[in-house]
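K.L.:
What follows is a structure written as structure tokens; I'll ask about it next.
The values are calculated or read from the model by the stated rules, or taken from the named source; none is laboratory data. From a predicted model like this one, the values you see are computed outputs, not experimental measurements. A quick note on method: Cβ atoms are made from the backbone with ideal geometry, for glycine too, and the neighbour counts reach across all protein chains shown. Accessible surface is based on the protein model in full, side chains and every heavy atom, while ligands, DNA and RNA are left aside. Shrake-Rupley method; radii C 1.70, N 1.55, O 1.52, S 1.80 Å.
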Amino acid sequence: MDFHFTDEQNHLRRSIGEFAEGEILPHVMEWDEVSHFPSEIMPKLAEMGLLGIIFPEKYGGAGLGYIEYVIAIEELSRVDGSVGIIVAAHNSLCSNHIFKFGSEAQKQKYLSPLAQGKQIGAWSLTEPEAGSDAGGTRTTARRDGDHWVINGAKTFTTNGHYADVCVAMAVTDKSKASHGISAFIIEKGTAGFKPGKKENKLGLRASDTSEVIFSDCRVPKENLLGEEGEGFTASLKILDGGRISIAALALGMARGALDASIKYAKQRKQFGQPISEFQAIQFKLADMATEVEAARLLVYQAAWLADKNDRRFTRESSMAKLFASEVAVRVANECVQIHGGYGFIKDYPAEKFYRDVKLCTIGEGTSEIQKLVIARQLLGKK
């Protein structure tokens with residue numbers, strides 16, 4: 001087993017880390033306070049190839065793999081998880097669904113501008129009555145000549161207000177349950193399609209999370225993504241990669257919280273010495289660092305398997321997501337504790353990490369759902 005990164009991967013990490021610290025860090029609290037979507041940095045992310053990092057160059061992507069993708073999400077999230085999740089949802093959900101299951105014509109028309117960063121993507125699966133039970137989808141699509149007519153609403157859609165392209169799931173045959181759910185590509189500006197309520201969130205506030213609404217939304221028949229009735233099955237495969245995204249997001253924020261804890265412990269003095277000299281603080285840091293490193297191994301193992309592309313990696317991605325997200329919550333909690341009273345105020349990054357990391361135990365399948373997924377894999381259940 002080789003745990004070393006290549007020179008190119010190390011260079012990528014340095015480049016993204018320097019970009020995040022120079023271009024994002026000065027604005028993190030400002031964006032968070034007013035829930036500002038950082039549109040101004042999207043062209044820069046595109047220029048770096050981060051909005052199409054896992055897609056082939058023929059579609060305008062960077063032609064890199066999941067190892068590089070995890071590096072990117074980790075480094076962005078180490079500074080601001082909001083930017084990390086914006087890039088993650090764009091890449092691993094919307095764009096990847098089109099890449100994995102779209103026709104060549106759909107890839108040319110939709111994936112290319114997404115991979116080049118000329119457009120932003122969103123992916124809509126969750127509904128008010130269909131969260132973990134995604135098979136309970138109520139949004140419908142019926143054929144009407146050369147079009148599909150979509151009615152319904154989705155919730156918790158990342159990038160919902162800013163997306164140029166949305167991939168959404170809708171029921172096309174109610175009698176077939178989850179095998180009657182299909183995927184569709186909907187363009188911004190399509191009649192009957194609009195973003196709804198923007199959620200006022202606990203954390204990751206600079207990322208946009210909103211409803212999307214379909215009211216007799218007519219899309220051309222060629223905008224059916226993949227085979228009719230296969231949208232739900234395809235979504236489960238897309239979530240394999242999506243869970244690596246959330247695991248990388250969690251890993252990055254856990255690293256950020258650990259780094260902030262070490263820095264503060266060296267600077268803060270009590271009883272005439274830095275608090276890093278006290279064994280209680282040292283033990284906390286040692287436990288945090290050990291858990292972060294264990295999470296890192298699981299996350300990069302899942303990314304490595306995704307790059308091999310020779311088998312499903314459902315179990316490994318769920319394990320990485322489960323462990324990394326729970327570790328991030330524990331590390332962020334200890335970060336606040338080490339900061340003491342200063343961990344409770346916005347002059348230090350501890351409180352923001354504490355708020356942001358909780359999403360990782362919920363988004364793209366709660367920790368409880370991950371345990372079910374892992375158990376079903378272990379027991380050979382489909």
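K.L.:
Which whole-number percent of Cα pairs in segment 229-339 have a distance greater than 23 Å? Provide the component values of the computation, followed by the final result.
P.N.:
Values: 2407 of 6105 pairs.
Summing the P(r) of segment 229-339 above 23 Å gives 39 percent of all pairs.
K.L.:
Now for a different question. Specify the inter-centroid distance of segment 231-247 and segment 136-179, based on alpha-carbon positions, in whole Å.
P.N.:
17 Å
K.L.:
Right, next: Taking K and R as +1 and D and E as -1, what net charge do the other residues with C-beta under 10 Å from the C-beta of residue 89 add up to? Don't jump to the answer; show the numbers that get you there.
P.N.:
Details: positive: none; negative: 208, 364.
Within the 10 Å Cβ shell, the charges total -2.
K.L.:
Please list 2, 356 in order of solvent-accessible area, largest first, computed with a 1.4 Å probe with all protein chains present. Walk me through the numbers before you get to the answer.
P.N.:
Details: 2 120, 356 0 Å².
I get 2, 356, largest accessible area first.
K.L.:
Right, something else. Find out how many positive minus negative residues lie around residue 168, taking Lys and Arg as positive, Asp and Glu as negative, among other residues whose Cβ is under 13 Å from that of residue 168.
P.N.:
Working: positive: 138, 154, 188, 194; negative: 127, 187, 211.
Around residue 168, the surrounding residues sum to +1.
K.L.:
If I model segment 170-316 as equal point scatterers sitting on the Cα atoms and use the Debye formula, what is log10 I(q)/I(0) at q = 0.19 Å⁻¹?
P.N.:
-1.20
K.L.:
Still on this structure, I have one more. How much area per residue is accessible in the chain when the probe is 1.4 Å and only protein heavy atoms are counted (Å²)?
P.N.:
Ligands and nucleic acids excluded, the figure is 45 Å² per residue.
K.L.:
Heavy atoms only, probe 1.4 Å: what % of the accessible area of segment 72-121 goes to carbon and sulfur, would you let me know?
P.N.:
Values: 640 of 1220 Å².
Answer for segment 72-121: carbon and sulfur cover 52 percent of the accessible area.
K.L.:
Ranked from highest to lowest mean number of other Cβ atoms within 10 Å per residue, what is the order of the peptides 153-162, 217-226? Intermediate results must be reported in sequence, preceding the final value.
P.N.:
On the way: 153-162: 22.6, 217-226: 18.8.
The densest-packed peptide leads the list: 153-162, 217-226.
K.L.:
Here's another thing I want to ask about it. Give the relative contact order (percent, whole number) for segment 194-341; include only Cα pairs under 8 Å separated by 6+ residues.
P.N.:
Values: 134 pairs, mean separation 42.2, N = 148.
Computed over segment 194-341, the figure is 29 percent.
K.L.:
Where the centroid of each part is defined by its Cα atoms, how far is segment 34-88 from segment 339-382 in Å?
P.N.:
For segment 34-88 versus segment 339-382, the Cα centre distance is 21 Å.
K.L.:
As an exercise, identify the trypsin sites (Lys or Arg not before Pro) in segment 71-122 lying in DSSP coil whose Cβ has no more than 15 other Cβ atoms within 10 Å. Working shown, then result.
P.N.:
Details: sites: 78, 100, 107, 109, 118; in loops: 118.
Answer by residue number: 118.
K.L.:
Around residue 31, with a cut-off of 9 angstrom between Cβ atoms, what is the net charge of the other residues, counting Lys and Arg +1 and Asp and Glu -1? Please report the intermediate quantities before stating the final value.
P.N.:
Working: positive: 205; negative: 30, 32, 33, 80.
Spelling it out: positives minus negatives among the neighbours equals -3.
K.L.:
Also, quick follow-up: Candidates (1) 59, 49, 39; (2) 79, 45, 41; (3) 55, 46, 43; which is the computed Cα extents along the principal axes in Å?
P.N.:
Calculated Cα extents along the principal axes in Å: the matching label is (2).
K.L.:
For 300, 342, give me the order by solvent-accessible area with a 1.4 Å probe, most accessible first, ignoring ligands, DNA and RNA. Present the calculation step by step, with values, prior to reporting the outcome.
P.N.:
Numbers: 300 25, 342 95 Å².
From most accessible down to least: 342, 300.
K.L.:
What relative contact order, as a whole-number percentage, does the chain give when Cα pairs under 8 Å and 6 or more residues apart are counted? Write down the numbers at each step before the final one.
P.N.:
Values: 754 pairs, mean separation 60.0, N = 382.
Relative contact order for the chain comes out at 16 percent.
K.L.:
Could you give me the ³J(HN,Hα) list for segment 345-355, computed from phi with Karplus coefficients 6.51, -1.76, 1.60 and θ = phi - 60°, whole Hz, x at Gly and Pro?
P.N.:
Couplings: 10, 7, 6, 10, x, 4, 5, 6, 4, 4, 6 Hz.
K.L.:
Kindly express, to the nearest 10 degrees and within the range 0 to 90, the angle between helix 367-378's C-alpha long axis and the longest C-alpha principal axis of the chain.
P.N.:
70 degrees
K.L.:
Taking the inverse of the average 1/r across all pairs of different Cα atoms in segment 1-89, what Kirkwood radius in Å do you get?
P.N.:
Kirkwood hydrodynamic radius for segment 1-89: 13.5 Å.
K.L.:
Using Cα-only point scatterers and the Debye equation, what is log10 of I(q)/I(0) for segment 124-176 at each q in 0.21 Å⁻¹, rounded to two decimals?
P.N.:
For segment 124-176, the Cα-only Debye profile gives -0.81.
K.L.:
Would you calculate a helix-derived [θ] at 222 nm for the chain, using -39,500 (n - 2.57) for each DSSP H run of n ≥ 4 and dividing by the full residue count, to the nearest 500?
P.N.:
Working: 12 runs with 170 residues, N = 382.
The helix-only estimate for the chain comes to -14500 deg cm²/dmol at 222 nm.
K.L.:
Here is a further query. How far, in degrees from 0 to 90, does helix 7-19 lean away from the longest principal axis of the Cα atoms of the chain, to the nearest 10?
P.N.:
80 degrees
K.L.:
With axes computed from alpha carbons, what is the tilt in degrees of helix 314-339 against the longest principal axis of the chain, rounded to the nearest 10 within 0 to 90?
P.N.:
40 degrees
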